[in-house]
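Chemist: What follows is a single structure, and I will ask about it in a moment.
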Amino acid sequence: MLIIMTPGASKKEIDNVKLFVERKGFDAHPIYGEIQTVIGAVGGKVIDPREIELLDGVKEVIRITSSYKLASRVFQPQDTVITVNGVKFGGEHLGLIAGPCTVESYEQMDKTAIALKKSNVKILRGGAFKPRTSPYAFQGLGEEGLEIIRAVADKHKMAVTSEIMEISQIPLFEKHVDIFQVGARNMQNFNLLKELGQIRKPIMIKRGLAATFEELLMSAEYVLSGGNKEVMLCERGIRTFERVTRNTLDLSAIPVIKKVSHLPILIDPSHGTGLRDKVAPMSRASVAAGCDGLIIEVHYDPDNAICDGAQSLYPAQYDKLYHDIKKIAPIVDKKVI
């Protein structure tokens, strides 16, 4: 439920309400505004809202009927905006992330970063731990891969995003990574999500291969309920009967998510299509639909990439796409740096 405090409610009144609901078994999540404070109360037992409304400083109590509370626009009507290395995701902003599918070597990452820097890329992606369907496929360089991408990003004044696989990797990722990616296969790894709620770095959660929008939002709820408010969602394609593309990129995620949730919604057209020539048109379509960001695979030499070269753009292709995006974004009231 939402507890709406009266304008100008004192800190003592706010603290008393927070303490009251916590004693009733709720987790209290206050949002402090310049004029008015709202307290989100999650969990706990069934309670008569009048018990709260009688407390000093309380204006009204609103029940939230959706299963996801903190991710809901009822809890927070205004868009969440997340900033990483000067790049903003959410609200009127559209952020861009680019880089190869996986970290192969320092030379590969450095050459790719040099090319991407010309297109104003400020957040570099690259997998160090790779969840692969086949145990015989390349699994990534592990800790060495994180060290490489961190070194290259620091050299070129970029931030880093990479996919985390398990709880034990959190300390390593906190050292090297600026945005934690939770992959499609880990979207419902609830123990991992709970732990990520305790850290204070942005979390990007990718939609599972057959996950509903509600399930995606409930995964975000795990992180939010832990206290980490910097959560981004990512549509990366779902599994359907279609086999021409790697997955079916569900762009309806953009208007659906943005209507019910304040969290930024990003699109991954590389995994969503699996084909290089489909990445640019689906990226442009995503921007036109109002997405808050794109994460795109780019490799300086995709024809010789260890994995997913077929869905990785050449740097020149990304540069053209970047300029296309800058033209489209203003039409939907978005800004791109």
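Chemist: Given Lys117/Lys175; Lys111/Lys320; Lys111/Lys175; Lys201/Lys326; Lys18/Lys45, which pairs have Cα atoms separated by over 20 Å?
Modeler: Violating the 20 Å limit, Cα to Cα: Lys117/Lys175; Lys111/Lys175; Lys201/Lys326.
Chemist: Tell me, Lys229, Lys194 in order of fewest to most beta-carbon neighbours within 10 Å?
Modeler: The most exposed by this proxy come first: Lys194, Lys229.
Chemist: Indicate the gyration tensor shape class of region 82-332 (rounded, prolate or oblate), computed on the Cα atoms with a ≥ b ≥ c the square roots of the eigenvalues: a/c under 1.5 is rounded; otherwise a/b larger than b/c is prolate and the rest oblate.
Modeler: Since a/c stays below 1.5, the shape of region 82-332 is classed as rounded.
Chemist: Here's something else I'd like to know. Among 58-64, 92-98, 212-218, how do they line up by average Cβ neighbours within 10 Å per residue, starting with the highest?
Modeler: 92-98, 212-218, 58-64
Chemist: Please go through region 241-337 and write out the chymotrypsin sites (Phe, Trp or Tyr not before Pro) that DSSP classes as loop and that have at most 13 other C-beta atoms within 10 Å.
Modeler: Within region 241-337, the qualifying chymotrypsin sites (Phe, Trp or Tyr not before Pro) (loop, at most 13 other Cβ atoms within 10 Å) are Phe241.
Chemist: With 10 angstrom as the radius, rank Arg200, Arg132 by how many other C-beta atoms surround their C-beta, starting from the fewest.
Modeler: Fewest-to-most ranking of Arg200, Arg132: Arg200, Arg132.
Chemist: Looking only at region 82-332, where both bridge partners belong to it, what percent of the DSSP beta bridges are antiparallel (to the nearest 5)?
Modeler: Roughly 15 percent of the DSSP beta bridges within region 82-332 come out antiparallel.
Chemist: Loop only by DSSP, 10 or fewer other Cβ within 10 Å of the Cβ. Give me the chymotrypsin sites (Phe, Trp or Tyr not before Pro) in region 123-173 that pass, ordered by residue number.
Modeler: Tyr136
Chemist: Compute the helix-to-body angle for 143-155: its Cα long axis versus the longest principal axis of the chain, expressed 0 to 90° and rounded to tens.
Modeler: Between helix and principal axis, roughly 90 degrees.
Every number here is computed from the coordinates shown, using simple stated rules; none is lab data. Note that this is a predicted model, so its numbers are computed, not measured. Here the Cβ is made from the backbone with ideal geometry for all residues, glycine too, and neighbour counts use every protein chain on show.
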